[in-house]
Structure formats: structure tokens, C-alpha cells
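The values are calculated or read from the model by the stated rules, or taken from the named source; none is laboratory data. Only a predicted model underlies this, so the values are computations on that prediction, with no experimental measurement involved. Methodologically, a virtual Cβ is constructed for each residue, glycine included, from the backbone with ideal geometry; neighbour enumeration extends over all protein chains shown. Side chains included, ligands, DNA and RNA excluded: accessible areas come from the protein's heavy atoms. Shrake-Rupley method; radii C 1.70, N 1.55, O 1.52, S 1.80 Å.
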Amino acid sequence: KQLTPLPPSLFPFFLRQTKHTALARSQRIENNNSGLGATAVVAAAVNGGSDGAVETAAPNSSAEVDRAIRLKVNEKARTVFSVSTSGTLCTKSSHEGIEGSPFGSFVDYVLDDDGCPVLLMNDMSMHTVNVQNDPDGMISLFAQLGRGSEGQDSSRCSITGKLQKISDDDEAMDAIRMRYSITHTYADQVMDSPRFDFYRLEPTRVHFVGGFGVLAKWVPVDEYKEATPDILAKDAPDIISKLNREHTDDLALTAAHLLDCQDVERIRVTAVDRLGVDIRVTKKGPRVNKLVTDEFRIGFRLPVISVEDAKSEILKVFQEAWEKGNGYDWGENEEPGSSVPIMKIAEDALG
């Protein structure tokens, strides 16, 4: 469904109801999960507080605020490999004349229950030959999110470890065959061939990059395996594309009135997940002909559980930006946008 703004006459009533409903629900969730702060609590800590509108104590640190509105790094890494179904496999070449050099191959994969990539490999492929000639050597598999992001904006992840052939009597083989057949339709034609075998990549190291200049971090393997992919992961690219294509005016209002960005040259959404959206703003810098780019996190009042929920939360943010820009007043010593959790998560150090 397309995000359609409410008639301006309904904004104040709708937003007041949404605000109080979200706060009440947030407090109930907070009682069950200390990792999720109430909307007003998070907003007060991030945006500088409000005049008596907060009914519970603010988080003790910026780290708690971060956890309330941003996915953990291990969740981000697991999400990248769960959404992607192909990547670049890097093995050590055994070919004459380039022995020992990195050799990259495009490969398909699926994940097992622990998040370990499983590859269906032809014994004649060069990467398979490289692995067989160096059975104790390390290899890396690189994957990145594609649709919806632009080049270096994309989140990406590398898993480094050892490839191990999966025996036919492995207890997970039936599930692996089914997942591979569903994900890669050609697999039914080759998986029973004696030339093809399944290999599992057992991680030794996991490295995640959130985008150019945003985040790069090594993720503990056990935390990667225990993580759950974000519920919006498969739909996020379409949401991002739609927002950047059809809601440029709404994004501009958000930058001006909620992010306090002036002289904006470009604004675009770079990520969407169950806890919020990442927005990248390029504006004129203090020096002549110099552009400065900053990245912001706008948190949802509640973690969403569906695409429709995410659209609704994004629409509320757009509405509050519009209302603040047009001088609406909620009363209660609170202006529109004051309860929206916002963080600057990356800053242009060269501005």
C-alpha cells in the first residue's frame, strides 16, 4: 500500500491518540523486556528531555538508548547473510603461476539453523579444486544487501572459516536439500549428481560493515549464531526504494524540522528494520563548495512486526515533521516531533 498522508485537519487528534497509545504500550513492553525503552523515555534521553511528559526513568546511558532503537551488530550480520542467497567465495589459488593468491568466485548458498552458509559445489569448479588442495586452509564468503541501497550504502558481511563436506547421512541433510531446492531452482537438476556435494562453512571470524563510514566491527561467532534475522529484512529493499522514490518531500520536511538540518542538498533512507530507519543527509558545509554528509537514526516508538506496521510508524514521523513545520501545537508543553527518538550515528569528519 502507498503511504498516504492524513488530511491536515485530522493530524492533531490522530497524533495525540497515537502518542498516548504508544506510550502506554511501550511501558507494558518495557516491563517484559528491559532492552526496549518506552518511546518518551528514549526520546527524552536522545532529544534532550521534555517538561514532565516522561512517566518512567530515562535510560542510564547512551548505550541503552542505542540498544532501544538500533539492531545489535550480530543481528545485522545475520540479517545480511539471511537475505542474501549468493556471494563471493575467496579461496587460495592452487593454479600454476598464481599459487597462493586470492581467487574469487560467485557462489550460491543457503543457511543452516546456526547461520552457517551451505554451498553446493561442483568438484570441477576452480574454487572446489582450491579447497581440495588446501583442506586445512581458511576461506571467506562475502555477501551484501543489494536492492534499495546505493553502492557503499549497502550493509555487507564476511564469514571466514573452513569448508567441510557434508555427508549424506548428516541429520540436517534433508532440511538442507529442501532449502537449497526452494531457494535455487536449478539445484534439483544437479544435487544428485556424483560431481556435486554440499559443503558447510564453519565460521571462525565474522566481520560486518554497516555502510561507508558508518560501522565496521568483528562479531563473535557465538553471538552471530544465536542472532535472529530482522523481521523486515526481505521487504526492506522495497520500502527503502519506495521512500526514496516517492517521498522526497516528506524526507525533506523530516530533515528540516526533526533533524534540524539546513541547506540540504540530498536526503535518502539507507536502512529500515523493526526498530527504525537510517537517514543519510548531505548538506552544504562550512567551507565553500564543500558538502557534509551525516547519518541519523530515527527510532520507531515500538518495534514493528510487519511491513504495514513499519509504514504506519514512518508515516507518523512524516506527519509530525509536517505538523512542526506548519506550527501545530499539541499543548501539554510538547511540540510535534519531541517524542521521536533520534540519534546521529555517523558524522562527516572532513566537514
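Brief remarks follow.
- Residue list for region 254-309, filter: open to solvent by 20 Å² or more (accessible area, probe 1.4 Å), in a helix (DSSP H, G or I) and not small (Gly, Ala, Ser): 257, 307, 308, 309
- Looking across region 229-253, the residues that are in a helix (DSSP H, G or I) and either aromatic (Phe, Trp, Tyr) or within 17 Å of the chain's Cα centre (by Cα) (or both) come down to 236, 237, 238, 239, 240, 241, 242, 243, 244.
- Test result for residue 198, among the hydrophobic types (A, V, I, L, M, F, W, C) and more than 28 Å from the chain's Cα centre (by Cα): yes
Yes/no matrix, rows are residues, columns are (1) of a type outside the set (Lys, Arg); (2) modelled with pLDDT of 90 or more; (3) closer than 19 Å to residue 239 by Cβ:
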{"site": "279", "(1), (2), (3)": "yes, yes, yes"}
{"site": "287", "(1), (2), (3)": "no, no, no"}
{"site": "292", "(1), (2), (3)": "yes, no, no"}
{"site": "297", "(1), (2), (3)": "no, yes, yes"}
{"site": "306", "(1), (2), (3)": "yes, yes, yes"}
{"site": "313", "(1), (2), (3)": "yes, yes, yes"}
{"site": "318", "(1), (2), (3)": "yes, yes, yes"}
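- Among (1) more than 23 Å from residue 223 (Cα to Cα); (2) open to solvent by 20 Å² or more (accessible area, probe 1.4 Å); (3) not in a strand (DSSP E or B), the one test that residue 106 misses: (3)
- In region 310-351, residue nearest to residue 69 (Cα to Cα) [restricted to those that are crowded, with 19+ Cβ neighbours inside 10 Å and acidic (Asp, Glu)]: 313
- Scanning region 193-228 for residues that are open to solvent by less than 80 Å² (accessible area, probe 1.4 Å) and in a loop (DSSP other than H, G, I, E, B) yields 193, 213, 214, 220, 227.
- Hey, residue 79 touching a His at 6+ places or on another chain (Cβ under 6 Å) and either at pLDDT below 95 or in a loop (DSSP other than H, G, I, E, B) (or both) or not: no
- Those residues of region 82-110 which are at pLDDT 90 or above, small (Gly, Ala, Ser) and farther than 17 Å from residue 140 by Cβ, in sequence order: 82
- Selection within region 159-180 - farther than 24 Å from residue 90 by Cα and either loosely packed, with under 15 Cβ neighbours inside 10 Å or in contact with a strand residue (DSSP E or B) (Cβ under 7 Å, 6 or more places away or on another chain) (or both): 168, 169, 170, 171, 173, 174, 175, 178
- Residue within region 131-145 that is at positive phi and not in a loop (DSSP other than H, G, I, E, B) present: no
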